[in-house]
Amino acid sequence: MLRLAWVYLKASLMEMLRYPFEMVNTYISLILIFGGIFLGIKAFAPSVGLEANKAGFFLGYMLWTFYLFTANSASWTIYSAATMGYLEREFSSPFGHTLIVVIKIITDNLASLIHYILIAILMILIFGVDLKLDLIATIGLILAAYPFFLGVGLIFAGLALNVKRIGSFISLVQIIFMFLAFVGGGKLSPGVVSVVRYFPYLQALRLAKAITIRGVRWSELFVSNEFATLLATSLISFAIGWAFFKVMDRQAMRKGVIGHY
Amino acid sequence: MLTCRAENFKIKTMNKPVLKAVELKKTYPGKPAIEALKGVSLEVGVGDVVALLGPNGAGKTTFVKIVTGLLLPDSGDAIVEGYSVTKQRRHALSRLVTVLEGDRNLRFRLTGMENAEFFVVLSGRKFDRKRCMELAERFGLSDAMNRQVRTYSKGMKQKLSVLIAFLTDTPLILLDEPTLGLDVEASNELIDAIKEGADAGHAILITTHEMHIAQKVSTHVAIIKEGKLVTYQRTDRLLELFRYREYLIKVKPNDIKLEFPMLRKVESNDNFATFVLDTSEPSDVYRVIDMLKSRNAEILEIVRRQPDLEEVYLRIVKGGGMPDA
């Protein structure tokens, strides 16, 4: 399986480098979106006090882009492989559809990580974000939240397998996630807050702010109840995504639509 | 070795078959539901090249998709080297490799070598670079292996796909329209490669609409029509079955009209008319000769025809069915 992950990672990196125009545009668009929102709020809503909470805002944005990379890659990986034709070839592998998709998402994400880190550095430099964070705590947080993103990715991949074009649905979910990233759930009504408080994305946001703003260290983070809850809900989300994909995959196999697009 | 019985298409095998499809049934849901396979059974043994033929929509692709684990049958199963595709998926799929029709087997921004490594590992096998280069040499691709596939011609892409299938070295190889759109030279090269693969012990199942290719490459022919297996024979046996049925009779004048059962005019030019007599009885030929003589017709030629696979296929698919064995 490691060999399989390696060839997928190699293929993702090679293809990324061989589409340089797309790569450069991803950089530019993500930086522009951040700049647009950041400067827009500063200009039109100074009362929000964004300057004082720049690090939190930045982390929210980075978490959102991380979600973008994961979820988009999941549906895109299905859709593009179907249109380019090799999805059926991949799915006739003995490794099984779900494992293949999980490996595809993870290796795509690993390949994107290079971009992700570069974009983060560029934004820190361009917008002067003063980020004081515990690197081990941050990596631990990302790893704990990652199964959640993977679960969401699997749900999108399962949908893409059956209904094919889910771009508008992904956009809708993107907007919801963007809203949550910037509002953080705190502005929602108490009833809604009680429902979404265990949503891993919001838990990850809260912990990200704790690391950057309150300066929580890894030694405190990893033993906290909040971190344990995030890990648990994140793994549950992954299990739900896995099960959902299995059901969708079986349905696609019954209908005979795996290679369709 | 396989022996086939025309009357019920049950195959007796001395060796354990590499692929055994048992009563595969599949109906696609919808309004109306499409009954794609109505209980198809066939076996492919070591060294066999089975050409799976049939008109569009006959159920060939459905059959291949079930065998490759892309589609769930409603009932029946496909067994690869003793492993069920539906129940022991991993074991079964690690014993087969598929080359799909067209440009669907490769990643265009990867080089030939990168594609080979990717798809061999994807099939659960170890990639052998040295063997890959040996095969590339055999396929005339050695200079192209480090180039991105998007720069390849159609024939080169197809050859690379088949190269990867042989490099994967699974007991069963499924080739969906392997020569579609290829020029004669490239087709012949592929045919040779497929024959070599079979000689090396692979069991090969090919779907194709190109009958001359099927005739050249196959050891067996399976014809599916409307979801049912119409015939499954050794290719030479199938041709033999039809051989004694047809007589080609060229006569003058060209406007002669003859009424005789199983006799049809197939051509008429300025000089003569050509009739085909569809019979296995030599006495019918003599009766037609007598009839022609009584009308003062000049018999230019009588030939016992050897129909090619295309004619046999059309005869089976468009009516006629199978002759008595």
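The values are calculated or read from the model by the stated rules, or taken from the named source; none is laboratory data. Small disclaimer: the values here were computed from a predicted structure and weren't measured. No Cβ is skipped: glycine too gets one built from the backbone with ideal geometry, and neighbour counts run over all protein chains shown.
Side notes on the structure shown:
- Qualifying residue in region A:29-42 (condition: part of a helix (DSSP H, G or I), among the aromatic types (Phe, Trp, Tyr) and within 14 Å of chain B (Cβ to nearest Cβ)): no
- In summary, residue A:238 fulfils each of the numbered conditions (1) outside any helix (DSSP H, G or I); (2) closer than 15 Å to residue A:71 by Cβ with the single exception of condition (1).
- Extreme residue, farthest from the chain's Cα centre (by Cα), among residues of region B:27-46 that are under 15 Å from residue B:226 (Cα atoms) and within 14 Å of chain A (Cβ to nearest Cβ): B:33
- For region B:122-135, the criterion of being more than 18 Å from residue A:4 (Cα to Cα), more than 10 Å from every other protein chain (Cβ to nearest Cβ), of a type in the set (A, V, I, L, M) and in a helix (DSSP H, G or I) is met by at least one residue.
- Any hit, region B:167-185, residues being in contact with a helix residue (DSSP H, G or I) (Cβ under 7 Å, 6 or more places away or on another chain), buried (at least 19 other Cβ atoms within 10 Å of the Cβ) and assigned to a helix (DSSP H, G or I): yes
- Residue list for region B:90-107, restricted to those being more than 7 Å from every other protein chain (Cβ to nearest Cβ) and more than 24 Å from the chain's Cα centre (by Cα): B:91
- Residue tally, condition closer than 20 Å to residue A:10 by Cα, away from chain B (no Cβ under 14 Å) and not β-branched (Val, Ile, Thr), over region A:80-129: 7
- Number of the exception - residue B:88 against (1) polar (S, T, N, Q); (2) farther than 21 Å from residue B:27 by Cβ; (3) surrounded by 16 or more Cβ atoms within 10 Å (Cβ to Cβ): (3)
Conditions (1) assigned to a helix (DSSP H, G or I); (2) at pLDDT below 80, marked per residue:
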| position | (1), (2) |
| --- | --- |
| A:63 | yes, yes |
| A:74 | yes, yes |
| A:89 | yes, no |
| A:99 | yes, no |
| A:122 | yes, no |
| A:126 | yes, no |
| A:130 | no, yes |
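- Condition met for residue B:246 (farther than 30 Å from residue B:193 by Cα and buried (at least 16 other Cβ atoms within 10 Å of the Cβ)): yes
- Criterion (within 21 Å of residue A:64 (Cβ to Cβ), free of Cβ contacts under 8 Å to residues at least 40 places away in the same chain and surrounded by 15 or more Cβ atoms within 10 Å (Cβ to Cβ)) met by exactly one of A:204, A:160, A:181, A:210: A:210
- Residue within region A:9-25 that is away from chain B (no Cβ under 14 Å) and closer than 24 Å to residue A:154 by Cβ present: no
- Reported count of residues in region A:73-95, each being within 23 Å of the chain's Cα centre (by Cα) and of a type in the set (A, V, I, L, M, F, W, C), is 6.
- Residue match in region A:8-22 (condition: modelled with pLDDT of 80 or more, at negative phi, among the polar types (S, T, N, Q) and in a helix (DSSP H, G or I)): yes
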